[in-house]
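Notes follow the structure.
The values are calculated or read from the model by the stated rules, or taken from the named source; none is laboratory data. This is a predicted model, so every value here is computed, not measured. Here the Cβ positions follow ideal geometry from the backbone for every residue, glycine too, while neighbour counts run over all protein chains shown. Heads up: the accessible areas ignore ligands, DNA and RNA and are worked out on the full protein's heavy atoms, side chains in. Shrake-Rupley method; radii C 1.70, N 1.55, O 1.52, S 1.80 Å.
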Amino acid sequence: SKEHCQIWNTKWRGAGIPPAMLIDENDEPSFLHVLSEANTKTHNYHYVRRVDGKWKTTKICPSNHQWNSAYLAKDSAGKLHAYVITGEGYLEGGYMDRHGGGRIEEWTSSDTGEAWELHRALRADEEQYAGWRFNNIQPVTYPDGSFVDGMLIFYGWKDPNRPEAKAFLLDESQ
């Protein structure tokens with residue numbers, strides 16, 4: 001399985017959530033993955049893809065928890081979009097916070113993933129949802145499983161100790 005299936009060896013570094021995966025127009029896979037660094041309280045998002053027959057990784061940005069989710073998309077112009085969860089310092093504490101969470105950022109790459117830049121932060125109404133954390137960003141799908149362009153769903157919570165969250169829908173499809 002190592003020879004035929006392994007895409008990346010984490011070398012015993014922590015990875016809490018499966019990577020987001022994208023299949024391009026040539027049926028080539030790429031991945032967006034959060035992985036710990038030298039210690040288990042420092043994490044980064046990595047973009048992993050095949051280059052000249054070998055797996056290559058590029059760091060995108062820091063993550064504040066190994067359970068933060070991500071979503072990877074490619075637009076019609078070929079630009080890559082990485083939707084990631086970020087925050088200051090390693091997130092610890094209450095029932096909800098120990099599962100990750102923070103702010104949602106969109107990072108983009110116009111050079112097949114070699115370099116990434118922060119495009120924007122995605123926010124629920126900042127006044128109404130001040131102090132909230134967000135996680136589990138996912139595309140919305142049609143009944144056939146294809147993605148609705150410009151539509152994402154995620155959840156958020158304010159109280160780090162109460163298992164109570166709200167779902168949010170980002171609709172840029174119009």
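Brief remarks on what is shown
- Loop-located GluC sites (Glu not before Pro) in region 1-67 (DSSP state other than H, G, I, E, B) with a sparse environment of at most 12 neighbouring Cβ atoms within 10 Å: GLU3, GLU25.
- Rg followed by Dmax, in Å, when region 1-69 is reduced to its Cα trace: 12.3, 37
- Heavy-atom accessible surface of the chain, averaged per residue, reaches 60 Å², computed with a 1.4 Å probe.
- Our Cα-only numbers for region 134-174 put the radius of gyration and Dmax at 12.4, 37 Å.
- For region 20-174: rounded, prolate or oblate by the Cα gyration tensor [a/c cutoff 1.5]: oblate
- Summing Cβ point charges (Lys, Arg +1; Asp, Glu -1) relative to the Cα centre of region 64-174 gives a dipole of roughly 300 debye.
- Computed on the chain, with alpha-carbon pairs under 8 angstrom and 6+ residues apart, the relative contact order is 14 percent.
- Square roots of five times the Cα gyration tensor eigenvalues for region 99-174, Å: 24, 18, 12
- With every protein chain in place, region 1-157: carbon and sulfur % of accessible area (1.4 Å): 49
- Loop-located GluC sites (Glu not before Pro) in region 93-134 whose Cβ has at most 13 other Cβ within 10 Å (DSSP): GLU114, GLU126, GLU127
- In region 19-118, chymotrypsin sites (Phe, Trp or Tyr not before Pro) in a DSSP loop with at most 10 other beta-carbon atoms within 10 Å: none
- Across ASP144, ASP159, ASP111, mean-square fluctuation computed from a Gaussian network of the chain (C-alpha pairs under 10 Å connected) peaks at ASP144.
- Highest-MSF residue in the chain out of HIS65, HIS33, HIS46 [GNM, Cα springs under 10 Å]: HIS46
- Pairs exceeding a 21 Å alpha-carbon distance, out of LYS2/LYS56; LYS59/LYS166; LYS59/LYS79; LYS74/LYS158: LYS59/LYS166; LYS74/LYS158.
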